[in-house]
Structure formats: structure tokens, C-alpha cells
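One structure below.
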Amino acid sequence: MTANVDSNWHLAATARWTASARAQESAREDHLFYDPWAAALAGPEGMAWLEQRGGSVASMVIRTRFFDDFLIAAAQTGIRQVIILAAGLDTRAYRLPWPASVRVFEVDQAAVLADKAGILAAAGAQPACERLVVPADLTADWQSGLASSGFQPGQPSAWLLEGILFYLPEAFIPRLLAQVSELAAPGSRIGFDVMNSLTFVSPLTRPWVEMQASLGAPWIGAVDDPEKLLLDLGWQPALTAPGAPDANYERWKLPVIPVRMPGMPHSWYVTGQKC
């Protein structure tokens, strides 16, 4: 993310929150994934946030596992370029069972990537694939930095934008997805999570929206028809949500809202294959 966005919204803190959810999950005997570095990456701030939440982070855990599966499935089709935009404190380059020759590009602010590098180096962590860091500003020319790091736009790629789009101005989201689409060769995959605008006002979701705002990281970006957005950009989309049969993992305890039910708040997991 950009320096000005990060300073205003404290997005570095949200990365620590996500790491704390991974740490809690990794401590379970029946964990859906295992991240031995998550607690160190979360630090005291992230773990304090988790305690304030009462450890209730099922949606973040399910999201992590869902996109873990998405990326490994993409790699198993032969895709060897994985790009994680706004990578933050993500550790997938280290903890997932990547096939041989996979390259993971992590794009984020230089300061965020450097902070993560220091923590992981101190822990003796070694990536499970070729990992390339791309210090970049997503509101500027991040594409040239990706190209100079060895990305090959003529080859299929897998793109992940996890936990980031709802922090972006709404008008910027289609632009960013269009930039990704320009670089993605046919057969590429994309995955992201996004909410609809009713999430901001619904009594079902308002408490979490208000919590985010009170902590200085408000949700401001929404997409009301992500399937159409991807179709218009040349992707064949698929839509699901936490609690749906393909995104449940026996952890979702709340009622499940059908993913296309009108008049309801939605937090979607969107995936697509480039046509």
C-alpha cells in the first residue's frame, strides 16, 4: 500500500491483526493451516487486538485457508507465477507446499516488507519457493517494479488481493483490477475478498464496521457486483462466501446468507480464470 494510505489508516496494524488470527489458529490441534511465524509477526499489538476480540476471528481463519487452497490449486494447474498484492505480513511463500519452480512475488511498501524480512530472518525462516519482493506503491507504477523483478506477462499467473480492497477508495478498486487484468495472460487466476455497500449500514455488520473505524482502519471500498466487474475485464468469475459449502471448514457457526441474496450485506470471496 501507499505511504500516505498507511499513515492514515494504520494498515500495518491490520496486518498484525491478521497474523494474530493465524497464530491462534496454528496453536489448535485441528488447525486449518500452520504458521509458526505468525505470533512473532503479530507482536504484542496484534495479540492484544486478538484478546480484545475475544479470539473470535473465524472469518479471517476461513479466508486464509480458502485462499491457501486457491493458490495451491492454481499452482497445480501449472501456473508458476504467484503475485500477492499488498502482501503485508503474509507467509504463504514460506508455509505452503509449492510445486517446484513456483515464484512468489510479494508487492507492498518497502517498510512493510523490510519489517517482515527482519522478523522472519531472526526466526531462521526459509521460503519454500523462489520469493521475490517488490517494494511498490499500488497507486503509482507498481507494474514496472514487478516486471523488473522477473514477472513474465506472457505466462499464466495467479493473483491474490486478500484483505485489502475494502481499505481502498471505491473508485480505485476497478482500476487496480484492470491493471491486474492487463498483466494476466489467458489461463491466469485471480482471487480477492470484497464486501458490498450494504455492509456499511446493515445492523448485522455495523458493529465490526464501527470497530474498524474506531481503530483507525475504516472500511471504505465496496463492490456491489464483483461478478460483472470480472466479466467485463475478461475473467470467468466464481462467487462464494464464508460459511458456504466450499468455504466452511466446519468453523462457520453463524447463519449463512446465500451469496446472491438481494438486500443483504455480503462479504464475498471472488475467484476467476482469465479467458
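Numbers below:
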read-out: Rough spin-label spacing in nm, given labels placed 7 Å along Cα→Cβ, for Ser144 and Glu45; value: 3.1
read-out: Long-range HN-HN contacts of Leu168 with modeled amide H, under 5 Å; value: Ile220, Gly221
read-out: Cβ-based charge dipole, the chain, positive-most Cα from Ser188, Ala73, Val104; value: Ala73
read-out: Relative contact order %, the range 73-151, counting alpha carbon pairs below 8 Å whose residues are six or more apart; value: 33
read-out: Of all accessible heavy-atom area on the chain, the percent that carbon and sulfur account for (1.4 Å); value: 57
read-out: Share antiparallel - DSSP beta bridges, the chain, percent rounded to 5; value: 40
read-out: Peptides ranked, highest mean first, by Cβ atoms within 10 Å: ranges 49-60, 201-212, 66-77; value: 66-77, 49-60, 201-212
read-out: Most positive-pole-ward Cα, Leu168, Thr240, Ser214, against dipole of the chain from beta carbon charges; value: Thr240
read-out: For the chain: relative contact order, % (alpha-carbon pairs under 8 angstrom, 6 or more apart); value: 18
read-out: Burial order of peptide ranges 258-268, 214-224 (average beta-carbon count within 10 Å, highest first); value: 214-224, 258-268
read-out: Burial order of peptide ranges 79-86, 168-175 (average beta-carbon count within 10 Å, highest first); value: 79-86, 168-175
read-out: Accessible area (Å², per residue) of the chain, counting only protein heavy atoms and a probe of 1.4 Å; value: 42
read-out: The chain, helix-only ellipticity at 222 nm - DSSP H runs n ≥ 4, -39,500 (n - 2.57), divided by all residues, nearest 500; value: -12000 deg cm²/dmol
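The values are calculated or read from the model by the stated rules, or taken from the named source; none is laboratory data. On a predicted model such as this, the values are computed, not experimentally measured, just so you know. Methodologically, a virtual Cβ is constructed for each residue, glycine included, from the backbone with ideal geometry; neighbour enumeration extends over all protein chains shown. Accessible surface areas use protein heavy atoms only, side chains included; no ligands, DNA or RNA. Shrake-Rupley method; radii C 1.70, N 1.55, O 1.52, S 1.80 Å.
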